[in-house]
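*Asks:* Starting off with a structure, shown below.
The values are calculated or read from the model by the stated rules, or taken from the named source; none is laboratory data. Keep in mind it's a predicted model, so treat the numbers as computed, not measured. Reconstructed Cβ throughout: ideal geometry from the backbone, glycine too, with neighbour counts over all protein chains shown. Keep in mind that these areas ignore ligands, DNA and RNA; they rest on the heavy atoms of the full protein, side chains included. Shrake-Rupley method; radii C 1.70, N 1.55, O 1.52, S 1.80 Å.
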Amino acid sequence: MANQQAARQYYTTLVMGPAPNLAGLTLMMTMMPKGGDLHHHYSGAIYAETFLDWVKLKGFCIYRVDYAERRVFKFNIEAKPGDLSPEQRANCLDVDAVRTSTNNAFYRDLLSTWSDKDFSNHSHQQSAPDQHFFDTFFYIGRISDEYTDLGLRQLKARAIAENVQYIETMLHSAPSRGDLAPLEPINRLTSDSADGDVQAALAPLYDFLVADQETRNAVDAYLKAMDSAADGIDDDQFKVRFQAYVSRNDPPAKVFAGLYSSFAAANAGGRVVAVNIVGPENGPVAMRDYSLHMRFFAFLRQKFPKVRLSLHAGELALGMVPPEGLQSHIREAVEIAGASRIGHGMDVAYERDASGLLRLMREKKVAVEINLTSNEFILGVKGEAHPLMLYRHAGVPFVISTDDAGVSRNNLSSEYVLYASRYKPTYDTLKETVFNSIRFSFLSDAEKTEELKKLTQRFAAFEARMADLAKGLPGAR
């Protein structure tokens, strides 16, 4: 208890002065055990520099394409010179050449295109922040799946270095059968379709997918790919689990086929522990079909009642969509789809009966995954405008997570620095937030018990170190 009190007192000196001691907080948050990172996209977690390493391993070169509205860097993914124009061939640089001092401007521009690096700290031609953010996945998409075993091991090493013991990530999108013609009737459904019509349309198509050998083979291959990528990752220091996911901006038939595969994979009881839906929530298809998607989830939860959901919902801000587009997404994810966790949850203040929704989330213990850096970059929402304090005052559980650390060029420790410096939780509240990252994970009950025990032990060791170090650190009393 003496060590815990010493850590508590030192933390208080860092956050409660005239201005937060950011250097001291960075040291403390880096040293602090952080449990798990529950809102995590694998391809968005890899830094652009690592993608360059992989481009080199593939033997590709990189060339620049200047469009009227922005600059794009591509690599010759097929490695066939004939695929490039003469100008592109002449200017297609191998990775070693990209990294030389003579091509420093090219290198910096590439990093700024493949991530959020330098987006806000100097004047340059740029697309909107949210467009820039989501564009990065288009640029890196073809290489991000090439070395997932190497990528996961790098993420593990980075997690251990900053005292993170668990990551729940979205590695690969769920498969769907190649020929979607048998599912074509789903494309006639809309968010305004009556519930009875939705149920009647989905029932025979669900039966078709259950019996479909192509779909079964795809799910089996998906599970094997996940196991292969994570082989040898788990040990006493670190664990990784996966969420299957689909894109919310695809046609309804593809979304439903992918969701069926996601539920089937998560129901298998292996490393795939949950289902999600991703993509810009303000996209026209995503907005049009949002309520329909939630009913897809509700239908499949009836068929797979053990499968858990963590749904991106409410990743919107006033002005991105008309006001009525902010009024129901979180509630539908909770009430209709049955989500156990909500990713982002940023527009909660605009929801119909927001106070009732907050009460419902508290009673149902629906945790919110808070991503401070990406919320600020994509939505322009930070500080007191962020709903974190609404959730905290309402007693809704939440966790701190990274979202896409490679794109945002941050880590979980820096997210905790933002949390501590902006919102000044007490040390005990901070610690509770860390423990929430294991309590609200989708690990099995036995695994949670094991990981909570480890986290308790890690905090005891951390607080002993803080009690010793705080005596000589700046800000100590």
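Rundown of residues vs (1) touching a Leu at 6+ places or on another chain (Cβ under 8 Å); (2) open to solvent by less than 10 Å² (accessible area, probe 1.4 Å); (3) assigned to a strand (DSSP E or B); (4) at pLDDT 95 or above, yes/no style:
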site	(1), (2), (3), (4)
VAL240	yes, yes, yes, yes
GLN243	no, yes, yes, yes
GLY258	no, yes, no, yes
PHE263	yes, yes, no, yes
GLY270	yes, no, no, no
VAL275	yes, yes, yes, yes
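*Asks:* Restrict the check to the stretch 309-328 and report whether at least one residue is in a helix (DSSP H, G or I), over 24 Å from ASP37 (Cα atoms) and open to solvent by less than 20 Å² (accessible area, probe 1.4 Å).
*Replies:* Yes, the stretch 309-328 has at least one match.
*Asks:* Scan (1) part of a helix (DSSP H, G or I); (2) more than 16 Å from the chain's Cα centre (by Cα) for the single condition SER414 breaks and write down its number.
*Replies:* Going through the list (1) part of a helix (DSSP H, G or I); (2) more than 16 Å from the chain's Cα centre (by Cα), SER414 breaks only (2).
*Asks:* Here's something else I'd like to know. Restricting to the stretch 164-184, what's the tally of residues that are open to solvent by 50 Å² or more (accessible area, probe 1.4 Å) and among the polar types (S, T, N, Q)?
*Replies:* Counting residues in the stretch 164-184 that are open to solvent by 50 Å² or more (accessible area, probe 1.4 Å) and among the polar types (S, T, N, Q) gives 1.
*Asks:* Moving on to the next point. Check the stretch 5-23 and report whether any residue there is of a type outside the set (Lys, Arg), modelled with pLDDT under 90, more than 24 Å from ARG458 (Cβ to Cβ) and in a strand (DSSP E or B).
*Replies:* The answer is no; no qualifying residue exists.
*Asks:* Please name all residue pairs, on different chains or six or more residues apart, with Cβ atoms under 8 Å, provided the first residue is in the stretch 430-453 and is within 24 Å of LEU25 (Cβ to Cβ) and the second residue is of a type in the set (Asp, Glu).
*Replies:* These pairs meet every condition: SER437/ASP37; ILE438/GLU451.
*Asks:* When the residues of the stretch 188-198 are filtered to those that are of a type outside the set (Gly, Ala, Ser) and surrounded by 14 or more Cβ atoms within 10 Å (Cβ to Cβ), which remaining residue is nearest to PHE299 (Cα to Cα)? Write out each step before concluding.
*Replies:* Residues of the stretch 188-198 that are of a type outside the set (Gly, Ala, Ser), as a first pass: 188-190, 192, 195, 197-198.
Filter once more, keeping what is surrounded by 14 or more Cβ atoms within 10 Å (Cβ to Cβ): 189, 198.
Details: LEU189: 14, VAL198: 9 Å.
Among them, the one singled out is VAL198.
*Asks:* For the stretch 230-244, how many residues meet the condition of being of a type in the set (Lys, Arg) and either touching a Pro at 6+ places or on another chain (Cβ under 6 Å) or free of Cβ contacts under 8 Å to residues at least 60 places away in the same chain (or both)? Before you say what the answer is, go through the steps one by one.
*Replies:* Taking the stretch 230-244 as the starting set, the residues that turn out to be of a type in the set (Lys, Arg) are 239, 241.
Filter again for either touching a Pro at 6+ places or on another chain (Cβ under 6 Å) or free of Cβ contacts under 8 Å to residues at least 60 places away in the same chain (or both), leaving none.
Looking only at that region, the number is 0.
*Asks:* Here are some residues: ARG465, ARG392, ARG422. Which one is part of a helix (DSSP H, G or I) and under 19 Å from ALA161 (Cα atoms)? Steps first, answer last, please.
*Replies:* Details: ARG392 fails: under 19 Å from ALA161 (Cα atoms); ARG422 fails: under 19 Å from ALA161 (Cα atoms).
None of the others qualify; the one that does is ARG465.
*Asks:* Here's something else I'd like to know. For the stretch 368-398, how many residues are crowded, with 24+ Cβ neighbours inside 10 Å, touching a residue at least 40 places away in the same chain (Cβ under 8 Å) and in contact with a Phe, Trp or Tyr (Cβ under 6 Å, 6 or more places away or on another chain)?
*Replies:* The total comes to 2.
*Asks:* What's the total number of residues in the stretch 358-407 that are in contact with a Leu (Cβ under 8 Å, 6 or more places away or on another chain), small (Gly, Ala, Ser) and within 18 Å of GLU281 (Cα to Cα)?
*Replies:* Going through the stretch 358-407 one residue at a time, the tally reaches 0.
*Asks:* Okay, next question. ALA349: surrounded by fewer than 18 Cβ atoms within 10 Å (Cβ to Cβ), assigned to a helix (DSSP H, G or I), at pLDDT 95 or above and among the aliphatic types (A, V, I, L, M), yes or no?
*Replies:* Here the answer is yes, as ALA349 does meet what is asked.
*Asks:* Another question about this same structure. Answer yes or no: is there a residue in the stretch 206-215 that is outside any loop (DSSP other than H, G, I, E, B) and open to solvent by less than 10 Å² (accessible area, probe 1.4 Å).
*Replies:* yes
*Asks:* Need at least 1 residues that are among the hydroxyl-bearing types (Ser, Thr, Tyr) and at pLDDT below 90 per element, so show me which helices (runs of 4 or more DSSP H) inside the stretch 81-190 make the cut, counting only ones lying wholly within it.
*Replies:* Fully inside the stretch 81-190 and qualifying: 104-114, 129-144.
*Asks:* How about the stretch 292-308: which of its residues are buried (at least 17 other Cβ atoms within 10 Å of the Cβ) and part of a helix (DSSP H, G or I)?
*Replies:* LEU292, HIS293, MET294, ARG295, PHE296, PHE297, ALA298, PHE299, LEU300, ARG301
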